[in-house]
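The values are calculated or read from the model by the stated rules, or taken from the named source; none is laboratory data. These numbers come from a predicted model, not from an experiment. Here the Cβ positions follow ideal geometry from the backbone for every residue, glycine too, while neighbour counts run over all protein chains shown.
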Amino acid sequence: MDDRQLLETIRDLIGRDETSDDCAAFPFDNGRKVLVSTTDMLHKKTDFPRRMTPWQMGWMSAAASLSDIASCGAQPTQVLVAVGLDRPERLRPIMEGAVACTRACGAVVAGGDIDSHTELTIVTTAFGIVEKEYYCTRSGAKAGDLVCVTGRPGSAQAALDGCSGYWENLVMPKPQVFTGQRIARAGASAMMDVSDGLAVSLYDMGEASDVGFVLRESLPLLPIADAKKYFLYGGGDYGLLFTIPREKFVRMDVPVSVIGEVVEEPGVFLGEEPVEKLGYAHVWN
């Protein structure tokens, strides 16, 4: 069983809409704005590669939650950081990294918690604000919309597999906060990040929007062996996947790649070939 299958077992308790997006949403200011929030948990054994410094662990942890805020088109405001420490001397560099990432995104670390753990564990909770008309979820994609992505998915996985030149993509992912806001204001119909991999993210968006996707044969691939595999299935990147009506794409002022089109038929296809539903997942045997 993986985390998506496990989530199905509690959706009746929380709600399908509430468990279909990266962030929770709370309308305020008489419905004119939305407060979004999200939380992430990272562990030393499963999330932090060898050779990664505590500073980089702090940066990555903050980035994980800030990327979810970015995917809503929101401006992050605060981040809370809870650290389960295996070694107390790790705390300061971890927090220095988390503060640096948070400040780079225009927000502040506003609190958190500290306790003792046998395995280093970092939990980040982020908050952001967006005007209701620009609030993006996974569920708004419509047939005929363009499918677009920022960055070049696969870079983080390439670094993890030893490809030179991509290490920073893995250990210091850059949340696309300001790009996400521009995409939302351009009229994106749906958006999410691709931290679990592009293919599985497309399936997640397709399920939330009740649509499918056909990808183009020509994709912005990395100049490495097995580049298509990395592009489709590599996790750890913090680019943004979004859909947008064709007529609104011309207003874009950020560097993105059009990689396909939204279709009515469920599933994800590369040309006429089905794309496997693969990506990063937590698994219980």
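Of the strands (runs of 3 or more DSSP E) lying entirely inside segment 206-285, those carrying at least 2 residues that are of a type outside the set (A, V, I, L, M, F, W, C), assigned by TED's automatic domain parsing to the domain that holds ASN169 and modelled with pLDDT of 95 or more are 257-263. Being assigned to a loop (DSSP other than H, G, I, E, B) and of a type in the set (Asp, Glu) is a property that ASP22 has.
Might you check whether a residue that is over 26 Å from LYS229 (Cα atoms), assigned by TED's automatic domain parsing to the domain that holds MET192, of a type in the set (D, E, K, R) and surrounded by fewer than 21 Cβ atoms within 10 Å (Cβ to Cβ) occurs anywhere in segment 167-174? For segment 167-174, residues over 26 Å from LYS229 (Cα atoms), assigned by TED's automatic domain parsing to the domain that holds MET192, of a type in the set (D, E, K, R) and surrounded by fewer than 21 Cβ atoms within 10 Å (Cβ to Cβ): absent. Of everything in segment 202-239 that is surrounded by fewer than 18 Cβ atoms within 10 Å (Cβ to Cβ) and of a type in the set (Gly, Ala, Ser), the residue that is farthest from MET172 (Cα to Cα) is SER218. Can you tell me which residue in segment 139-149 is farthest from MET252 (Cα to Cα), limited to those that are surrounded by fewer than 23 Cβ atoms within 10 Å (Cβ to Cβ) and either in contact with a helix residue (DSSP H, G or I) (Cβ under 8 Å, 6 or more places away or on another chain) or aromatic (Phe, Trp, Tyr) (or both)? In this case the residue turns out to be SER139. PRO153 falls short of the stated requirement of being in contact with a Cys (Cβ under 6 Å, 6 or more places away or on another chain), outside the structural domain of SER20 (by TED's automatic domain parsing) and not acidic (Asp, Glu).
With respect to MET191, determine if the residue is in contact with a Phe, Trp or Tyr (Cβ under 7 Å, 6 or more places away or on another chain), of a type outside the set (Asp, Glu) and either in the same structural domain as ASP145 (by TED's automatic domain parsing) or not in a loop (DSSP other than H, G, I, E, B) (or both). Criteria met by MET191.
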